[in-house]
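See below for the structure under consideration.
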Amino acid sequence: MHRMSKNEYRAALLILGLSQRSAAKFLDIAERTSRRYALDECPVPILIARFLRLVARNKLTPQDATALTDDPLP
């Protein structure tokens, strides 16, 4: 899988209706980190990239994604 570009990161946030600030809360990262991803100052970790791609491609809301991922495994 290719590295998530700043444009792809921004597009995923747009699809999800998230600002960089709300994305930071959603992803449980610092606001500065979200801003750095959007400016391509540091790479988006592969797990965050995969998660954002999955959520955006399946048109899940942040609330849906949180509900799906916060449940403990059986």
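Taken together, the values in this text are just the output of simple stated rules run on the coordinates, not laboratory data. Keep in mind that this is a model prediction, so the values were computed, not measured. Heads up, the Cβs are rebuilt from the backbone with ideal geometry, glycines too, and the neighbour counts pull from every protein chain shown.
Remark: pairs (first residue in the stretch 38-65, farther than 15 Å from S22 by Cβ; second residue surrounded by 12 or more Cβ atoms within 10 Å (Cβ to Cβ) and aromatic (F, W, Y); Cβ separation under 6 Å; 6+ apart in sequence or on different chains) = V44/Y9; V44/Y37. Taking P43 as the residue in question, decide whether it is surrounded by 11 or more Cβ atoms within 10 Å (Cβ to Cβ) and more than 12 Å from the chain's Cα centre (by Cα). Yes. Selection of the stretch 30-48 for residues being closer than 11 Å to S5 by Cα and β-branched (V, I, T) yields only V44. Note down all Cβ pairs under 8 Å where the first residue falls in the stretch 6-27 and is buried (at least 18 other Cβ atoms within 10 Å of the Cβ), the second is charged (D, E, K, R), and they're at least six residues apart or on different chains. Pairs found: A12/R53; Q20/E31; Q20/R35; A24/E31. Any idea which residue in the stretch 1-24 is nearest to N58 (Cα to Cα), counting only those that are assigned to a loop (DSSP other than H, G, I, E, B) and more than 10 Å from the chain's Cα centre (by Cα)? It comes out as G17.
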